[in-house]
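Worksheet: the structure to be examined is printed underneath.
Rule-based calculations on the coordinates, nothing more; no lab input. Values in this document were obtained by computation on a predicted structure and should not be read as measured data. Cβ placement follows ideal geometry from the backbone for every residue including glycine, while neighbour counts extend to all protein chains displayed.
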């Protein structure tokens, strides 16, 4: 037996020796190759971004910032069998529909996001449920405490904290901060272990806007009120500092909430002030007259024959709403005569007019530091026929972005110097070091300073009693501005029958403007005139802005002590804390101004519409003039005591 | 202890000599090898289960506690075996065999098993693997049966057939679980003990032929086994599927190199290498302690084999010799197969590394066999050793 045992012992010995030989082969001969492969599969490299920088307004108020958050995910295959019972709890904690949670938990994929960017408190509630197969990854979430305020300018970010629109996109590089890499290892389930470096770094850069939150709030509130009142489709407002071309406010309606951009149509998320164009209409006449004055072709008092309301140019006839005989250049602007403008355009000549329009920045990007800006549409000189020169003279056949027009007027306000507009004043580090700064960037002297002063005087007349823009008048200040009403171009070509754009652009104080404000109301329903619909928006915003900024009233005008003493507005926007509460911050008005309109407000109506409304409500009216109702007053007849509404009708165009 | 031994020796004396067996000191080389292997097991079970248990059950020491419970039970069994004279082991042969049969049948019944394959029985939270218990029972039974029929072993029908039928049934039950690796290993154990007992070469050759036929059928009848076998033949193929585990195992040895990455520093155990705490624990030893560590483990099993076979050669009784041989072969051959699998010399079989792998049933079974072997080593006398 011991012989056989010896044999078995020998066999076992040989077997063990073979094992040792193979071990030597694996570790010594193949060792390096295998070790390298192993190291490669263990290596883990992850990009780490610091907390995304905040966007603050010019006073340091945080309009956008990031907070730590968790992204919850599930491995559906690893969920427990009784996960069905947890669906209602999960859906409730995450405020998701139960069906959606159900679908995620039953996904056939190995990895599904349950909800990304969940606040830590919410995430800890979910983790307390202790569902195996449900885990989270730390991330960050963007918070816009003022919700819709300045949303199109701020833009928004996607779930990966990448800026997609607005300042978030334009300054993504700074907001993102320096990207670093962690070097570590990962386990067989791709989870990072033994990380060196990394961890959530605080924000590196902070982007400071030229925007003023209070002005922005005022602009949005007044715009909203006007859009609601006139039942318009949309609207926008720009407030520009003409001395620097810094954008102080940029409002548009309808608005969106960048905290949840996915819930809003893409059209509302666009910054229409730079990505939409419209025909400026009569507001362009100021640039025409400025060019004509600058070249010396005309002077303020030169008479222009206005053909009594109908002027034939080739096969076309152009009309004024009110027929005029002879008007001075000054009055052409005040009365906004199309024929007068056409005549001035012809005096100036298309080459010079075109050059001036180019110099004012039409047909090219303003260069504002925001993404998505378009060129507008200034037809090339070759395309300027005789009639084209005539129509462009009163703002038809040319299209501008609201910002382009605001900049052109800001050049008038800034003694003829056009600059590049900007929304970001600087980018600073946490220690206050400025790493990027924008400032006034002069582009060119478009017109002589003297011409600019002269045109401002002309534009002041527009706002005076009798001018189309008198509703923009602010007691105690010299206001210069121009109304505009234009037909919307039809997507199918030509002009829309009903769609109008009412606008007003003005500057104040006229002697040395501090503010240029453009208000554009898109498709107002109750009235269509810029002087009726848009000028009051300008007036309301400018009045409050001047008070807020503490701008002294103009000499020779009675300063309204009431405003200067106690600001009627300065509505401090809701604080960051209250914005988190369920009460949505609503930039809209209180609606009180709309009450009166229901029965006896005729402002903005055509004569026919006014008559129809009067008879429907059993009111007596007396109409003066033609065009659209721009003023009304009630008089009681001495004999009967019956109320009579006196309407003043005017044409604006 | 001496008195107890003497009294027990008086009760159970060797059937043929009718003389009480003299009892000397335990084989310290054997004991030392076992203790060092148990220590490695403790170290590497902790090492390989720590993260897994924490990740899966939020309790890093869950597996270690279970392992230690089995260790305590196994050591108690070992001590009991050490205290009993080898003549007592004979009386355990049939009860153990019957127990093995019952548990192997139970595990196949629906409702008793635990897990996808029917390999475990559950008793109040403790899982018990009948096939591991059966290995020990078969060793004991073969030693008993073949010692009894020592003079009839030349006859196939009278000498071999009863043992063949009994062990064949055990093998068949294990193969049905299915646990082909376990079945093959018990067949190998049977062949080895038959060979050591003195069965005719002709008979063994025929048996080997039948065994190979059964094995080929077993491999070809299930797709995953065929895949494993093909993967073994071409180890560079299919690194994502069947070959993944083996590839990860090789990477562990490669990463460890000659000197190892250091205790506790294994990366491959972090969910790269499947079954890192059970069948593939040797790979983690290779990664952490390098060639020195793995060679040390091989040498410890070599020492165990040499000392165990020495007992098998010099024990005064035929039963003792066969039992010592069976126990030694059980441990060393299983260890050899496990290590050969992990380094890619044999196809994947599912055998644990005795004393080291996590797995309570195997540990208890191994420790009880070791206890019997240690007892037998005490009964080997220098004088007899000299003249045998």
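Placing dummy labels 7 Å off each Cα toward the beta-carbon, the span from residue A:312 to residue B:216 is 11.2 nm. Rounded to the nearest 10 degrees, the angle from helix B:180-197 to the longest Cα principal axis of chain B is 30 degrees.
Count, for each residue of B:244-252, the Cβ atoms from other chains sitting within 10 Å of its Cβ, then give me the mean as a whole number.
Working: counts 0, 0, 0, 2, 3, 1, 6, 11, 4.
That average works out to 3.
Expressed as an acute angle from 0 to 90° and rounded to the nearest 10, what is the orientation of the C-alpha long axis of helix A:607-616 relative to the principal long axis of chain A? The angle comes out at about 80 degrees.
Sorting A:384, A:113 by the number of Cβ atoms found within 10 Å of their own Cβ, with the fewest placed first, yields A:113, A:384.
Solvent-free Debye calculation, one equal scatterer per alpha-carbon of region A:2-44: log10 I(q)/I(0) at 0.16, 0.22 Å⁻¹ equals -0.57, -0.73.
Got a sec? How would B:203, A:316 order by Cβ neighbour count within 10 Å, fewest to most?
Numbers: B:203 18, A:316 11.
With the fewest neighbours first, B:203, A:316 line up as A:316, B:203.
If a/c stays under 1.5 just call it rounded; otherwise compare a/b with b/c (prolate if a/b is bigger, oblate if not). Do that for region A:49-209, with a ≥ b ≥ c from the square roots of the Cα gyration tensor eigenvalues. Intermediate values should be presented prior to the final figure.
Details: a/c = 2.62, a/b = 1.54, b/c = 1.69.
The shape class here is oblate.
Considering the protein assembly as shown, its Cα convex hull presents a mean projected area of 60.0 nm². For residue A:28 and residue A:109, the FRET efficiency from 1/(1 + (r/R0)^6), where r spans their Cβ atoms and R0 equals 56 Å, is about 0.80.
Subtracting the Cα-Cα distance of residue A:441 and residue A:495 from 0.36 nm times their residue separation leaves 15.7 nm of extension gain. Axis of helix A:2-24 versus longest Cα principal axis of chain A: the two differ by about 30°, to the nearest ten degrees.
A Förster radius of 25 Å, combined with the Cβ-Cβ distance separating residue A:374 from residue A:159, puts the computed FRET efficiency at roughly 0.30. On the basis of the beta-carbon distance and an R0 of 35 Å, residue A:122 and residue A:77 show a calculated FRET efficiency of 0.90. Exposure proxy shown here: for B:315, A:473, A:181, the number of other Cβ atoms within 10 Å sets the order, fewest to most, as A:181, A:473, B:315. Take the Cα of residue A:648, step 7 Å toward its Cβ, do the same at residue A:228, and the gap between the two points is 2.9 nm.
Above 32 angstrom, tally the Cα pairs of chain B and express them as a % of all pairs, no decimals. I get 34 percent for the Cα pairs in chain B exceeding 32 Å. Compared with the alpha-carbon gap, the fully stretched path from residue A:475 to residue A:62 is longer by 145.2 nm at 0.36 nm per residue. Largest mean-square fluctuation among B:148, B:269, B:135, in a Gaussian network model of chain B whose springs join Cα atoms under 10 Å apart, belongs to B:148.
Among B:53, B:199, B:312, the residue with the largest mean-square fluctuation in a Gaussian network model of chain B, with springs joining Cα atoms closer than 10 Å, is B:53.
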